[in-house]
Amino acid sequence: MDRLQLLLLGFPVFLFFSDIVSIFSPPPTSPPIKPSPQHYHQPQSQSVPQVPDFATVQGSQVRGSGHGNVVELKFCASCSYRGTAVNIKNMLEASFPGIEIILSNYPPAFPKRIASKAVPVAQVGLITIIVAGEHIFPRLGMVPPPWYYSLRANKFGALASTWLLGNFLQSSLQSSGAFEVFCNGELVFSKLTEQRFPGEIELRQLIANKLPAPAFGKNLDVVWS
């Protein structure tokens, strides 16, 4: 077996083992979320109650309405959903100042991931057989099957079809079609369930319902005490 045949046979084997290693390797750990600093109010030393500055108290509450909260957008990266995720991220940051938005990929199911890794190996193997099958089959002590001669009769068409169909199949297996929205670890919207993207007003309301109650009244109690 000459060097070209060894290269053609060894390359798909190398891709297969490298994909197996990448699949079973542990995923990178996400950085821990820093806890929000706690603000403690010092008790008033004066016995005479003071009138609070309502504009200052309310303004500080509005500016920090999202402080200490985390929203994670998990989307299908291979489905070209990143642009939609970025637009929603900008909308939420403008609606809830101080909120932390995390964008991440939502991978497909494990069997689909395994199948998507096997497609390039089969793709390269079939291309190798089409190109050098007349040398591979005799080396293996096999008679070339009839379908091999059909592929050899239209070599360039078979190569192009194998490449295009393999890429299409791999892209389909890598797509999850997901656009999931989590607020503080709790699922608030799922495209896999609703079969649609969330509206801006709808998502803003869903996030607002999951945020802690505003501390405007609590600030008044502290000031008046």
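Taking VAL131 as the residue in question, decide whether it is β-branched (Val, Ile, Thr) and either closer than 23 Å to ALA208 by Cβ or touching a helix residue (DSSP H, G or I) at 6+ places or on another chain (Cβ under 6 Å) (or both).
The answer is no for VAL131.
Taking the residues in segment 91-124 that are in contact with a strand residue (DSSP E or B) (Cβ under 7 Å, 6 or more places away or on another chain), surrounded by 15 or more Cβ atoms within 10 Å (Cβ to Cβ) and β-branched (Val, Ile, Thr) as candidates, determine which candidate is nearest to PHE75 (Cα to Cα).
The residue in question is ILE101.
Restricting to segment 126-152, give me the number of residues that are aliphatic (A, V, I, L, M), in a helix (DSSP H, G or I) and either open to solvent by 90 Å² or more (accessible area, probe 1.4 Å) or touching a residue at least 24 places away in the same chain (Cβ under 8 Å) (or both).
Final tally of qualifying residues: 6.
Kindly provide the set of residues from segment 77-90 that are open to solvent by 60 Å² or more (accessible area, probe 1.4 Å) and touching a residue at least 12 places away in the same chain (Cβ under 8 Å), ordered by number.
ARG82
Can you report the number of residues in segment 105-120 which are assigned to a helix (DSSP H, G or I) and touching a helix residue (DSSP H, G or I) at 6+ places or on another chain (Cβ under 8 Å)?
Residues meeting the conditions: 9.
The values are calculated or read from the model by the stated rules, or taken from the named source; none is laboratory data. Please read these numbers as outputs of a predicted model, since none were measured by experiment. Backbone-built Cβ (ideal geometry, glycine too); neighbour counts: all protein chains shown. Side chains are part of the model used for accessible areas, which takes the heavy atoms of the whole protein and leaves out ligands, DNA and RNA. Shrake-Rupley method; radii C 1.70, N 1.55, O 1.52, S 1.80 Å.
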